[in-house]
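Take a look at the structure set out below.
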Amino acid sequence: MKEEGLKKVCRMLEELSEDISVPRNIRRGAREARELLMKEGESLDVRVASAISLLDELLNDPNIPTHGRTAIWNIMSALESLTASE
């Protein structure tokens, strides 16, 4: 169940990282968040918290378009549900 949710979030991050209508730093941050989530050896909670923190920083960018901001909120919500469903 959590594995499916994690794969879904990774797909969402991949889509955001390939969206050329969002600034480059947002795409880079989405790739970094995906890499954090895929990192083996750390607990899921730690990886999710790190990714949420990184995405939260991206939301402060004034140049992010509305659809990019919405995508990040959706990703963060999905990440929070991964840890809440224990």
Subset of region 59-84 (residues that are of a type in the set (S, T, N, Q), within 20 Å of Leu36 (Cα to Cα) and touching a residue at least 12 places away in the same chain (Cβ under 8 Å)):
Asn74, Ser81, Thr83
Which residues, taken from region 45-86, are farther than 27 Å from Ser21 by Cβ and at pLDDT 90 or above?
Asp45, Val46, Arg47, Ala49
Exception for Ser50 within (1) loosely packed, with under 14 Cβ neighbours inside 10 Å; (2) under 25 Å from Ala84 (Cβ atoms) falls at (1)
Among Asp56, Asp45, which is the only one that is exposed (fewer than 13 other Cβ atoms within 10 Å of the Cβ), under 11 Å from the mean Cα position of the chain (by Cα) and free of Cβ contacts under 8 Å to residues at least 60 places away in the same chain?
Asp56
Can you find, within region 66-86, the residue that is farthest from the chain's Cα centre (by Cα) among those that are surrounded by 14 or more Cβ atoms within 10 Å (Cβ to Cβ) and of a type outside the set (Gly, Ala, Ser)?
Thr83
Residues to consider are Arg31, Arg11; find the one that is in contact with a helix residue (DSSP H, G or I) (Cβ under 6 Å, 6 or more places away or on another chain), surrounded by fewer than 16 Cβ atoms within 10 Å (Cβ to Cβ) and modelled with pLDDT of 95 or more.
Arg31
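The values are calculated or read from the model by the stated rules, or taken from the named source; none is laboratory data. Not measured: the values here are computed from a predicted model. Ideal geometry is used to build each Cβ from the backbone, glycine not excepted, and the neighbour counts take in all protein chains shown.
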